[in-house]
Structures are given as structure tokens and as C-alpha cells.
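See below for the structure under consideration.
The values are calculated or read from the model by the stated rules, or taken from the named source; none is laboratory data. None of these values were measured; they are calculated from a predicted model. Positions of Cβ are backbone-derived with ideal geometry, glycine not excepted, and every protein chain shown enters the neighbour counts. Surface accessibility is based on the protein's heavy atoms, side chains included, excluding ligands, DNA and RNA. Shrake-Rupley method; radii C 1.70, N 1.55, O 1.52, S 1.80 Å.
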Amino acid sequence: MIDAQGKIKGRVSIIDIVIVLALLGLIVGFVYRNAAPHIETVLRPDDNFYVTFEVNRIRSVIAEDAVVVGEYVFRQHDRQPLGRIVAIDKLPATEVMQRSDGTAVLATMEDRYSLHITIEATGSITESGFFANGNDAIAPGAEIILVNRRFIFPLARVYSVSLDRI
């Protein structure tokens with residue numbers, strides 16, 4: 001196959017193949033460097049952001065005693081921390097009730113609260129969104145199970161996500 005002059009079947013030189021492969025490698029490297037985002041700027045696992053969760057219809061004893069500023073909340077399935085509680089807003093819980101005449105009114109529920117729990121999370125911020133613990137996407141409207149040593153909220157809805165504490 002290779003003759004005395006170093007050509008394959010008398011047509012292509014091995015040196016020619018090496019030069020073509022080297023040029024292709026340089027082109028691929030140039031495109032990767034300039035066109036693809038740098039992985040270290042996209043996945044910075046140490047960015048801080050704030051997530052506010054809304055939890056509805058919580059009994060007053062839990063709203064007043066179980067949710068404490070400074071404590072951590074965790075993911076339910078592996079107990080990895082999502083973040084530290086930095087603020088709690090407690091509002092009377094409301095519910096749409098239907099009157100006997102068929103009209104609907106917004107009524108306050110007795111002994112129940114709606115909580116807005118703000119946590120400071122550490123994770124990645126990319127063009128795609130906010131990620132806690134590397135792969136937990138956090139976006140407004142998402143429902144997450146919040147766990148703490150004092151409570152479990154199975155339907156905590158992400159109310160807002162921001163870089164600044166609201």
C-alpha cells in the first residue's frame with residue numbers, strides 16, 4: 001500500500017494526511033473557542049440568588065413556630081440544602097367561597113396563613129435560568145417539596161427568583 005516515496009497507492013502522502021488532520025484540529029479548536037460559551041462562565045456553582053416560595057393554608061402554629069429565619073431548607077429526595085431562610089412574610093390565608101346566592105367572594109380562612117419564604121440559594125446562573133445544587137432548575141411557578149427539621153411543605157410554589165433580595 002505505501003510505496004518507497006511514502007504515498008498510499010501512489011496518490012496521497014502520509015504527510016499530507018497529517019497536515020490535513022492538523023488543520024482540521026485547528027479549525028475545530030478555533031470554532032469551539034470563539035463560538036461555544038466557556039464552560040467556566042456558564043456553570044459557576046457559587047453564585048448567590050434569592051428564591052421566594054409561596055406556601056398556602058398553613059396552620060398558625062406551624063407558621064409562627066416552625067419556620068425560622070436562619071435555618072436551612074433541603075431537597076426532599078436527598079436532603080441536599082437548597083438555601084438558608086432569610087425572610088418570612090406571613091399573610092392571612094384566603095380562599096374563594098361561594099355564597100348561597102351563587103356569587104363568589106374572597107374570604108379569610110380562620111387560623112390559616114399564606115407564607116412567603118425567601119431563601120438565599122447558592123448555585124449556577126446561566127442563560128437558561130437558575131440552578132441550585134448544580135441541576136435543580138428553579139423557575140417561577142415550579143412546585144418544590146420544601147423540607148426542614150421542623151416542617152415539610154409538599155406544595156411550595158416558586159413565587160420569584162432574583163439576584164437581589166426583595
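Listed here are the residues, each with its yes/no results for (1) at pLDDT 65 or above; (2) within 30 Å of GLY123 (Cα to Cα); (3) open to solvent by less than 100 Å² (accessible area, probe 1.4 Å).
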{"position": "GLN5", "(1), (2), (3)": "yes, no, no"}
{"position": "LYS9", "(1), (2), (3)": "yes, no, no"}
{"position": "ASP16", "(1), (2), (3)": "yes, no, yes"}
{"position": "VAL20", "(1), (2), (3)": "yes, no, yes"}
{"position": "LEU24", "(1), (2), (3)": "yes, no, yes"}
{"position": "GLY29", "(1), (2), (3)": "yes, yes, yes"}
{"position": "PRO37", "(1), (2), (3)": "no, yes, yes"}
Practice prompt. Determine whether segment 118-134 contains at least one residue that is within 21 Å of the chain's Cα centre (by Cα), farther than 18 Å from VAL51 by Cβ and of a type outside the set (Ser, Thr, Tyr).
Written response: yes
Item to complete: Within segment 69-112, work out how many residues are within 21 Å of the chain's Cα centre (by Cα), modelled with pLDDT of 90 or more and of a type in the set (Lys, Arg).
Response: 1
Response to the item:
Note on ARG112: of the conditions (1) without any contact (Cβ under 8 Å) to a residue 24 or more places away in the chain; (2) basic (Lys, Arg); (3) touching a helix residue (DSSP H, G or I) at 6+ places or on another chain (Cβ under 8 Å), unmet is (1)
Fill in: VAL69, sole failed condition from (1) assigned to a strand (DSSP E or B); (2) open to solvent by 60 Å² or more (accessible area, probe 1.4 Å)
(1)
Discussion item. Could you list, ordered by first residue, the pairs with Cβ atoms under 9 Å in which the first is in segment 94-109 and under 22 Å from ILE58 (Cα atoms) and the second is outside any strand (DSSP E or B) and open to solvent by 60 Å² or more (accessible area, probe 1.4 Å), at least 6 apart or interchain?
Written reply: VAL105/ARG99
